[in-house]
Structure formats: structure tokens, C-alpha cells
């Protein structure tokens, strides 16, 4: 099976910062807004080099979304930045009414998603944001897996017309996708070919899925790993092609199993090709304080959990 090399752990939020820096130089219509978390969102370089295109809104996320929606009327492309919890849960009404319903070209960029936020605890570790965003008509939902892909996605959404939710994280994680990889919104990436089980992963769980596939291969199980970076629109063609070959699927995400990637895959299978499915995700629970590694293990969001789920779903075929 194809193996991927970690070129060095890097945080995905820095990939966003690097992409925004590049956009600052290449696209004069890009503007950035932040809710008092410039350093955490890695927006300092954009702010320092383009102060006339940077707006520090303060701890007023609802105002930030409203301002961003208004800025689009003048042809600008606003990128908003704050933690995922504050980017969605705190301002859902403003996103629904001012951005999604109105079809505004706002890029909602959200860091510190999931339990890997770590020690900040349950009040900051949103695990339902993908569900909130994917249910909004017209909203594109992207969840990137590493630094390189986050940078590429940041560049790609500037060229895309329409509202986007871009989700990334705080911790340093494996950086394994190509530095010059092309990011195609709505197109899954087939990372490894396999015949026994399909593993569909998103975000930080993609690297864990690759590690799980190696472990499964050592025990004689051939796993196909698909990176779903765009949860909406979902690449149903890639999913169905793989599951029709393997006959079963495991979905893996750092999100509640209610409303996330797994449910989107289930709907696709129910409509077109019913097949056994296992979910690696949080099970309708809030998070808690701890290191990212401790929490990933406790909530079953790692390679070990994916291996276990893969063997279970194969037995169900």
C-alpha cells in the first residue's frame, strides 16, 4: 500500500495564516476581520502588511459577521477569524440571516475546533459545528487535515463565489499532503487503494486513518483511505465507487457522530447503496479539559479506534 511521510508536525491554523498572507499580496479584494484573537488565528502578518484591509472587531462576533456580510456588497472578499465555537454557535442567527440566506460571499474561518483544543475545555471545544453549518442552504463546508491542505484551501476559497465555512485546529499535527497540492472544493482525495474496507476521514482523523490502514495491512486487511476535506458539497461519486468495491465503510471525524461527516455518508449510502457502516466520532457528548492526545484517546478518535471499527464492520458484511 502507498505510504505517506510526515514532513514535520505543524498546526493547521498556521496553514490558514500562511494562505491569508499570500492572499494579501495577490488579491487586493481580500479583507480580514478578527474577534480579538489575531495571534491565535495567525492573522498578524496580514494585519501588519495590510492594515487598511484588516478590521479588529473585538469580542463582538455577531457584529463581525454582520460587518463581513455588508463588506461583500462593495465587492470585497471578507475572511472572518475566531475560534470555531464562537464562529458558529455564538453567531448562528447572524450567519443564517445575513450570510447564508442572503448568499453573501463571506469566508467564515474557524480555528480551535474539536477536542484537540485541549485544556480550554468543554465550553470551547465545539463538536457540533459541522452539523450546524452543513444544514444551512448554500453553505460550503470544508475541514482540512494538515498545514499544507489548510493553506491550499484558504487560497481556493478566495476564488470561490459564495459563503464558506473553513474549519481547522490548534495543535501541531502531521503534515503529509503535497506542498503544491491542488485543492478542489467538493473533490475527495483517494489516499490508498484497498479492497476490504473503506475508511472515510476528515480533518485531524485523516492521518490517524492512514496509520490505521498500515496496521490493518500488517494483519492482512486491505483498507482504502479517502480524505473528505469538503463535507458539503459531498463527493458522493468517490464514496459510492469505493464502497461498492469494499462492501463496508468506517467514517472518522473529530465531531459528534450526530450531524457530521458520518451522517452525510449514511444518507448517501441509504439513497444509493446500503452497506454496513461504523462511526469513529464523539458519541453525543461534550468534551472536557486535557491534552489533545489524552482526549483523542478517551473519546476514541485515533488509529486504534479506526482499526477496531474496521474489523467490526468487516464482520458485518
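Before moving on, here are some points about what is shown:
- For region 96-123, the candidate set comprises residues that are free of Cβ contacts under 8 Å to residues at least 60 places away in the same chain and touching a helix residue (DSSP H, G or I) at 6+ places or on another chain (Cβ under 6 Å); within that set, the residue that is nearest to residue 293 (Cα to Cα) is 110.
- Sole exception among (1) crowded, with 22+ Cβ neighbours inside 10 Å; (2) closer than 15 Å to residue 133 by Cα for residue 117, by number: (2)
- Among the residues of region 67-96, those identified as part of a helix (DSSP H, G or I) and over 27 Å from residue 122 (Cα atoms) are 67, 68, 69, 70, 71, 72.
- Of the set (1) more than 30 Å from residue 216 (Cβ to Cβ); (2) surrounded by 15 or more Cβ atoms within 10 Å (Cβ to Cβ); (3) over 22 Å from the mean Cα position of the chain (by Cα), all apply to residue 1 but (1).
- Subset of region 227-245 (residues that are surrounded by fewer than 21 Cβ atoms within 10 Å (Cβ to Cβ) and part of a helix (DSSP H, G or I)): 236, 237, 238, 240, 241, 244, 245
- Meets criteria (at pLDDT 95 or above and crowded, with 21+ Cβ neighbours inside 10 Å) for residue 303: yes
- Considering residues of region 139-157 that are in contact with a strand residue (DSSP E or B) (Cβ under 9 Å, 6 or more places away or on another chain) and assigned to a helix (DSSP H, G or I) only, the residue surrounded by the fewest Cβ atoms within 10 Å (Cβ to Cβ): 156
- Subset of region 44-66 [part of a helix (DSSP H, G or I) and either at pLDDT below 95 or surrounded by fewer than 17 Cβ atoms within 10 Å (Cβ to Cβ) (or both)]: 44, 45, 48, 49, 51, 52, 63
- A residue that is in the same structural domain as residue 261 (by TED's automatic domain parsing) and surrounded by fewer than 24 Cβ atoms within 10 Å (Cβ to Cβ) occurs somewhere in region 195-202.
- Single residue of 187, 182 found to be within 14 Å of the chain's Cα centre (by Cα) and surrounded by fewer than 24 Cβ atoms within 10 Å (Cβ to Cβ): 187
- Condition met for residue 224 (assigned to a helix (DSSP H, G or I) and touching a helix residue (DSSP H, G or I) at 6+ places or on another chain (Cβ under 7 Å)): no
- Criterion applied to 33, 23 was being surrounded by 15 or more Cβ atoms within 10 Å (Cβ to Cβ), in a helix (DSSP H, G or I) and not assigned by TED's automatic domain parsing to the domain that holds residue 217, and the one residue passing it is 23.
- Of the residues making up region 141-175, those that are touching a helix residue (DSSP H, G or I) at 6+ places or on another chain (Cβ under 8 Å) and more than 28 Å from residue 302 (Cβ to Cβ) number 4.
The values are calculated or read from the model by the stated rules, or taken from the named source; none is laboratory data. Nothing here was measured: the structure is a model prediction, and the numbers come from that model. Quick reminder, even Gly has a Cβ in these numbers, built from the backbone with ideal geometry, and neighbours come from all protein chains shown.
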